[in-house]
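Every number here is computed from the coordinates shown, using simple stated rules; none is lab data. Only a predicted model underlies this, so the values are computations on that prediction, with no experimental measurement involved. Please note: Cβ atoms are built from the backbone with ideal geometry, for glycine as well, and neighbour counts cover all protein chains shown.
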Ligand code: HEM
């Protein structure tokens, strides 16, 4: 079925959606791999990729958010019920919030350990000027982990909702996010 271009997300929005989606899943899988690491050193090396990816994800999500401000998404499909529109809005907003807040929380936690974030040795994001406090850093990392699980649940809800539209309603929701 062909869709008018104004009824679809823009190419930039689509590219950022799928890129960020993939990177978030990769970033999560890196933490799973780190848990299985044989020792502290190996774990630290694997987690370096998670921290660097967090910087990349933050920049891409901030860019996506700005893009969205000036290039609003297409209006909801007429066939979507009011409760579906409301739920989609809340879920999307919550996902954006988590995607922006989680890397910042990670940055504050690293800074509490007096550490910056090396982006694969290309450049370093310096630590924030916060007082050294390892206990606080640990606590922020705990919150960061719980937030991560919450984000994964939100993403699961999001994907299930898209599947419902594709398989049960057989509407154009998914097509709007595909080239
Ligand atoms: C198989 C995986 C996924 C599919 C099939 C999918 C599909 C879609 C579709 C079709 C839309 C447009 C919904 C509409 O028009 O109302 C959308 C929007 C959105 N998706 Fe996904 N998505 C997936 C994964 C993800 C992941 C992993 C994230 C988060 C990292 C994510 C975050 C979002 C957000 C925030 C929006 C709202 C976009 C906006 O209006 O600015 N999605 N997704």
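Looking at region 165-179, I want the residues that are closer than 12 Å to residue 77 by Cα and have a partner that is assigned to a helix (DSSP H, G or I) and more than 9 Å from the ligand (Cβ to nearest atom) with Cβ atoms under 6 Å, at least 6 apart or on another chain. Which pairs are those?
none
Here's the yes/no breakdown for (1) near the ligand (Cβ under 10 Å from one of its atoms); (2) touching a strand residue (DSSP E or B) at 6+ places or on another chain (Cβ under 6 Å); (3) not in a helix (DSSP H, G or I):
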position	(1), (2), (3)
18	yes, no, no
44	no, no, no
58	no, no, no
64	yes, no, no
72	yes, no, yes
80	yes, no, yes
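Can you find, within region 146-177, the residue that is farthest from residue 22 (Cα to Cα) among those that are under 24 Å from the mean Cα position of the chain (by Cα) and exposed (fewer than 12 other Cβ atoms within 10 Å of the Cβ)?
Filtering first and then ranking leaves 146.
Results for (1) out of contact with any strand residue (DSSP E or B) (no Cβ under 9 Å at 6 or more places or on another chain); (2) outside any loop (DSSP other than H, G, I, E, B); (3) surrounded by 16 or more Cβ atoms within 10 Å (Cβ to Cβ), shown as yes or no for each residue.
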position	(1), (2), (3)
88	yes, yes, yes
92	yes, yes, no
95	yes, yes, yes
104	yes, yes, no
109	yes, yes, yes
129	yes, no, no
135	yes, yes, no
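Against the conditions (1) in contact (Cβ under 8 Å) with a residue 24 or more places away in the chain; (2) outside any helix (DSSP H, G or I); (3) more than 20 Å from the chain's Cα centre (by Cα), where does residue 118 fall short? Just the number, please.
Every condition holds for residue 118 apart from (3).
How many residues, within region 32-53, are under 18 Å from the mean Cα position of the chain (by Cα) and surrounded by 13 or more Cβ atoms within 10 Å (Cβ to Cβ)? Give the derivation first.
Step one: list which residues in region 32-53 are under 18 Å from the mean Cα position of the chain (by Cα), which gives 32, 47-53.
This time we only want the ones that are surrounded by 13 or more Cβ atoms within 10 Å (Cβ to Cβ), so: 47-53.
Residues that pass the stated criteria total 7.
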